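A short reminder: the numbers here are calculations on the coordinates, not readings from a lab. Only a predicted model underlies this, so the values are computations on that prediction, with no experimental measurement involved. Cβ atoms come from the backbone with ideal geometry, glycine included; neighbour counts cover every protein chain shown.
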Amino acid sequence: MSIPSHVPADRVVDFDRFGGKELTSCPHRRVSELFSDSPDIFYTPHDRGHWVVAKAELARDMLRQPDKFSSHPRHNIANQRKPRTLPNQSDPPEHTQLRRIVNGFFSPEGIRRLEPDIRALAQELIEPVRARGSCEFVSEIAQVFPVVIFLRMAGAPLEDRPKLAAMADRFTRSPEVQDRLAALEDLARYLQVLIEEREREPRDDLVSLVVQGSVDGRPLDADEKIGMVTLLFLGGLDTVAASLSFFMAFLADHPGHCQQLLDEPGLLPQAIEELARVHGVAGTERGVTQDMHYAGVDFKAGDRLVFPAHIYGLNNDWVEDPYRVDFHRPVSAHLVFGSGPHRCLGSHLARLEMRIFLEEWMARIPSFRRSSQGDIPTRGGLVWSPVRVDLRWPA
Ligand code: HEM
């Protein structure tokens, strides 16, 4: 891919968010180090060519200006996919109306009713491995827990879990753009059947809420329904699985931090915030709406901007000694859940899932280690994740 003529040579950096060597282990540290030597906003020729906003403060400002940096695929050719996932691929005022349909469901009060089910599931998953004294955390637990929660929320058959998780994984991490788009279409075809079932017979579930939703006093059309259901599904799967896997790998290597959680169980919500700050898993993308000079860069309309929010919690401007994990640190700034109008809709659910899981795990397996030393293999893509985390404990 050639570099567009409006991109100066001193702003070009070799960073490949799907296949970069920095993403194969310790990605947060290695990408942060790469970025600390790069311009605040740089251009990479990989993944069809795009800008990368390396500095958290700039990212926060830009994500709050949808008129300049849009989520709509009309401003970002590389983001034109079917279905248009919603509400994330829309701008206000359309975005505001679409998001309103599901806001209540995902509010702290809305998700509270899910707590007993989430807790029962955590127990169901942990109990069988406890007696064994070991597990491969990523595949045996992390990739099951949030998928089952979503399938139950949506009222979909649990036996479809492996198939759906595989589709989400292809969409999130396949290095081939055509494969990513094909995975999204496969997923949408699957979810379309569920939508049609709920249209015929609504229930008390998330898919029924979407199919009965309206904007401007009219019902959602078919594209809007599938776009919303597909994103809700994608949003919650990989992100929670990847976060929990990073958290458990960290705790296994840091018994002192585990002990703090055992001594002070009330510390857990703050500890989750701190673990999330250093282990961001998701980023986002925008398209430039007009030719403009911004933060020292000449942008052209249609330029793509990638925001690797995975590492924004590791910047010295916001956090002192950012690599040090300190559960007693006052909750510090990070953009792990994004910023601006598209700030993660599922953040309360994600926090609830992670808190309940860790409570149930620590109550049953208070002391655990990784089975082998060395760096954990990881994968990049839209969501960064450990490949496997082998754990052991006294059975
Ligand atoms: C640790 C877990 C999670 C992380 C790190 C995360 C991260 C993010 C980020 C960075 C964004 C902003 C995207 C943007 O600005 O374009 C976002 C948006 C979103 N997330 Fe999450 N997410 C997580 C869990 C969830 C869960 C559990 C759900 C729901 C099931 C969810 C649903 C969504 C939705 C629907 C949006 C789009 C919101 C909008 O466009 O208004 N996420 N998430």
Q) For region 370-377, what does the Karplus curve 6.51 cos²θ - 1.76 cosθ + 1.60, with θ = phi - 60°, yield as ³J(HN,Hα) per residue in whole Hz, taken in order and with x for Gly and Pro? A) 6, 6, 9, 7, x, 5, 7, x
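Arranged by the count of other C-beta atoms within 10 angstrom, fewest first, what order do 218, 74 take? Before the final figure, lay out the partial values.
Working: 218 7, 74 14.
Lowest to highest Cβ neighbour count: 218, 74.
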Q.
At a 10 angstrom cut-off on C-beta neighbours, averaged per residue, how do the peptides 350-358, 45-53, 96-104 rank from highest to lowest?
A. 350-358, 45-53, 96-104
Q) Taking Cα atoms of region 299-389, Rg/Rh with Kirkwood Rh, to two decimals? A) 1.01
**Q.** Check: region 9-392 dipole with +1 on Lys, Arg Cβ and -1 on Asp, Glu Cβ, in debye
**A.** 280 debye
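Using the structure shown, select from 163/300; 21/68; 55/300 the pairs with a Cα to Cα distance greater than 30 angstrom.
Details: 163/300 40 Å; 21/68 32 Å; 55/300 20 Å.
Long pairs (Cα-Cα over 30 Å): 163/300; 21/68.
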(Q) What value in Å³ per residue do you get for the convex hull of the alpha-carbon atoms in region 9-392? (A) 132 Å³
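Nothing charged except the Cβ atoms of Lys and Arg (+1) and of Asp and Glu (-1): what's the magnitude of the dipole of region 66-142 about its Cα centre? Round to the nearest 20 debye. Intermediate results must be reported in sequence, preceding the final value.
Details: 12 positive and 10 negative charges, 72 e Å.
That gives a dipole near 340 debye.
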Q.
So for region 44-114, considering every pair of alpha-carbon atoms, how many percent are separated by more than 14 Å?
A. 71 percent
Q | Dipole of the chain [Lys/Arg +1, Asp/Glu -1 at C-beta], most positive-end residue of 376, 190, 111 | A | 190
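For the ranges 307-315, 324-332, what's the packing order if you count other beta-carbon atoms within 10 Å of each residue, average per peptide, and put the highest first? All intermediate terms of the calculation are to be shown ahead of the outcome.
Numbers: 307-315: 24.2, 324-332: 12.9.
Result, highest mean Cβ count within 10 Å first: 307-315, 324-332.
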Q) Straight-line reach from residue 225: which aspartates and glutamates have Cα under 12 Å away, leaving out those fewer than 8 places along the same chain? A) 196, 199
Q | Least to most buried among 284, 85 (fewest other Cβ within 10 Å first) | A | 284, 85
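Under DSSP H, which helices of the chain have Cα atoms covering 20 Å or more of the helix axis and a Kyte-Doolittle average no less than 0.5?
Working: long enough: 115-130 (22 Å, -0.33); 177-200 (35 Å, -0.42); 222-253 (48 Å, 1.18); 347-364 (26 Å, -0.16).
Result, helices passing both filters: 222-253.
Using a 10 Å cut-off on Cβ atoms, rank the peptides 365-375, 262-272 from the highest mean neighbour count down.
Values: 365-375: 12.7, 262-272: 14.7.
Answer by packing, highest mean first, reads 262-272, 365-375.
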(Q) Using alpha carbons only, how many angstrom separate the centre of region 139-156 from the centre of region 172-210? (A) 15 Å
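For every helix of n ≥ 4 consecutive DSSP H residues, a contribution of -39,500 (n - 2.57) applies; sum these over the chain, divide by its total residues, and give [θ] at 222 nm rounded to the nearest 500 deg cm²/dmol. Don't skip to the answer; put the middle values down first.
Numbers: 13 runs with 175 residues, N = 395.
Rounded to the nearest 500, it is -14000 deg cm²/dmol.
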Q.
Of 265, 254, 209, which is farthest towards the positive pole of region 198-287's charge dipole, taken about the Cα centre with +1 and -1 on the beta-carbons of Lys, Arg and Asp, Glu respectively?
A. 209
